[in-house]
Amino acid sequence: MRRTIRRCWHAAARIIFTASMAGALLASFMAFCQADVGQSRPVDLVTAITQVAKQNIPAVVHIEVTERKEIDNPLLPFEKDPNFRRYFNLPKKLPKKSKQEVVGLGSGVIVDTKGHILTNNHLVAGASKIEVMLADGRSFSGNTVSLVGTDAKTDLAVIQILVSESLPHTTFGDSDKVEVGQWVVAIGHPRGLDQTVTHGIISAKHRRGITDPNSYQDFLQTDAAINPGNSGGPLLNLYGEVIGINTAIASESGGSEGIGFAIPSNMAMHVSKALIAKGRVERGWLGLSLQDLTPELVSKLGLYGSRGVLVAGVFQESPADRAGIKKGDVVITYQDKEVRDSWTFRNDVATALIGDEVKIGVLRDGKKEHFLVQVGSQAEQRKILSASLRDRFGIAVRPLTPKEMEKYSLEADQGVAVTEVGSKTAFYKLGFRKGDLILQVDDDWVDDPEDLAAILAAMPTGETVSILAIDHKSGKTGYLAVTLP
């Protein structure tokens, strides 16, 4: 009897609780939510996306670019057919190449009242014409649009439209505070459909090597629908702050499959400020060749419980060399912050101001040591890395000229040209000569001379690498196996 009364009492209590509290709890849950970990501002989930859209659509622009590209003349196979020539009244000699206009679509975000617009490098670099359309319907092209600067390493660029009045602009948030599972909103112009808003979550952080393994990219991954045309548009948190710039989708069909990538806002802000101020990005450099710690290295070095990156090499006369850092050290902290991998460490150094002193903590022979290193410039980097190529490998290289890129159908930042090669070197013995092109070393694509020097310097003596090269005389492309000195 008592058990029955107890069950009835519990049931009644549940009914009373449900009637009196469920509505309040539901309303409370729907009205307030922590959109970002570590932030205490309430967000109304019923209207959050609507508010984000209203706040930011005026600052998101539609960008249409026209690029003139040279393609193989499609009539060349019929050049020697007399009937075809007579029917189409072709000239005696057909040009090998023909020019074609290619139109691309994308998005951008207005970052200040002066009309500076942040977008993707792959969208606007090399464009012969850029047209910008604002959310209010106004259009800018020709002399009213200028390219301020580009940075292929992060796939970012800044353009500017000439306006007399202040423009609405976006507010940037701290991408370091972004957490996996956090709600996000994407705004852009996918496939030319203006002012499209989609939503999703942050699926992962620190995605690397998605496009260029040698770049400074460190993507946020999202399942918010991102399609061609979203490139350059913002990824926002529920407070309406830009936490990423959409840049790529992982899809064989070219459409959204729930895997999209965005450049973190902290990186985007650093690059955009540099481009607006100087038209280029100056990155810090220490002169270290780094290697991530593998389980095998951890066991070999006795580093159980430690995190960091191994110093595989130190360039002579570099900032790190002058400070006393040595090959075999394990970098464990940068500016008193734990170093987890070589990508993050390199990106942190790249955003440091030239000439500043940074604090590097290392493990050496099981003991912790600290060094103050003065951040070097890219000019110093080029000089030292060029000397390294000559001294160890007996070669010198330079960036490709526009004429060479056109001749071999290469994009910007794709390969280097050999300017010197010693007659007694492994490169010379394999047939490398002045004017030949180097495109790839093993799985690493070579973007510029600094890339080639850094890639080769990290490899031990006696290792055989596969180099993808172009013979400048024959134009033939092939792989060559080189044993490094």
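Things worth noting here:
- Restricting the first member to the stretch 217-240 and to residues that are on the phi > 0 side of the Ramachandran plot and in the same structural domain as Lys153 (by TED's automatic domain parsing), and the second to residues that are surrounded by fewer than 24 Cβ atoms within 10 Å (Cβ to Cβ) and not hydroxyl-bearing (Ser, Thr, Tyr), the beta-carbon pairs closer than 7 Å and six or more apart or on different chains are Gly229/Leu105; Gly229/Arg191; Gly229/Gly192; Gly240/Gln51; Gly240/Gln55.
- Checking Ile332, Ile259 one by one, the residue that is crowded, with 17+ Cβ neighbours inside 10 Å, at negative phi and not assigned by TED's automatic domain parsing to the domain that holds Val52 is Ile332 and no other.
- Each residue in the stretch 384-423 was checked for being over 24 Å from the mean Cα position of the chain (by Cα) and not in a strand (DSSP E or B), and 17 of them qualify.
- Members of the stretch 409-422 that are within 22 Å of Lys153 (Cα to Cα) and either touching a helix residue (DSSP H, G or I) at 6+ places or on another chain (Cβ under 6 Å) or of a type outside the set (A, V, I, L, M, F, W, C) (or both): Ser409, Glu411, Asp413, Gln414, Gly415, Val416
- Tabulated pairs, the stretch 284-308, first under 19 Å from Asp336 (Cα atoms), second surrounded by 13 or more Cβ atoms within 10 Å (Cβ to Cβ) and aromatic (Phe, Trp, Tyr), C-beta under 8 angstrom, 6+ apart or interchain: Leu288/Phe315; Leu290/Phe345
- Hits in the stretch 367-378 - residues which are touching a helix residue (DSSP H, G or I) at 6+ places or on another chain (Cβ under 9 Å) and small (Gly, Ala, Ser): Gly376
- Scanning the stretch 27-56 for residues that are among the charged types (D, E, K, R), in a loop (DSSP other than H, G, I, E, B) and at pLDDT 55 or above yields a count of 2.
- Counting only residues that are surrounded by 22 or more Cβ atoms within 10 Å (Cβ to Cβ), part of a strand (DSSP E or B) and in contact with a helix residue (DSSP H, G or I) (Cβ under 8 Å, 6 or more places away or on another chain), the stretch 152-184 holds 5 of them.
- Restricting the stretch 187-196 to residues that are modelled with pLDDT under 95 and assigned to a strand (DSSP E or B), the residue that is surrounded by the most Cβ atoms within 10 Å (Cβ to Cβ): Gly188
- Some residue of the stretch 136-147 being closer than 30 Å to Asp223 by Cβ and not assigned by TED's automatic domain parsing to the domain that holds Gln414: no
- Residues in the stretch 275-293 that are more than 17 Å from Val358 (Cα to Cα) and either outside any strand (DSSP E or B) or modelled with pLDDT of 90 or more (or both): Leu275, Ile276, Ala277, Lys278, Gly279, Arg280, Val281, Leu293.
- The lone exception for His206 - which of (1) modelled with pLDDT under 90; (2) not in a strand (DSSP E or B) it fails: (2)
- Within the stretch 360-378, residues that are over 13 Å from Ile325 (Cβ atoms) sit with their Cβ atoms under 7 Å from residues that are surrounded by 15 or more Cβ atoms within 10 Å (Cβ to Cβ) and among the basic types (Lys, Arg), at 6+ positions apart or across chains, in these pairs: Gln378/Arg283.
- Selection of the stretch 441-455 for residues being more than 19 Å from the chain's Cα centre (by Cα) and either part of a strand (DSSP E or B) or free of Cβ contacts under 8 Å to residues at least 12 places away in the same chain (or both) yields only Val441.
- Within the stretch 399-419, residues that are more than 21 Å from Leu389 (Cβ to Cβ) reach partners that are β-branched (Val, Ile, Thr) with beta carbons closer than 7 Å, at six or more positions or on different chains, in the pairs Tyr408/Ile470.
The values are calculated or read from the model by the stated rules, or taken from the named source; none is laboratory data. All of these numbers come straight from a predicted model, not from anything done at the bench. Using ideal geometry, Cβ is built from the backbone for each residue, glycine included, and neighbour counts are taken over all protein chains shown.
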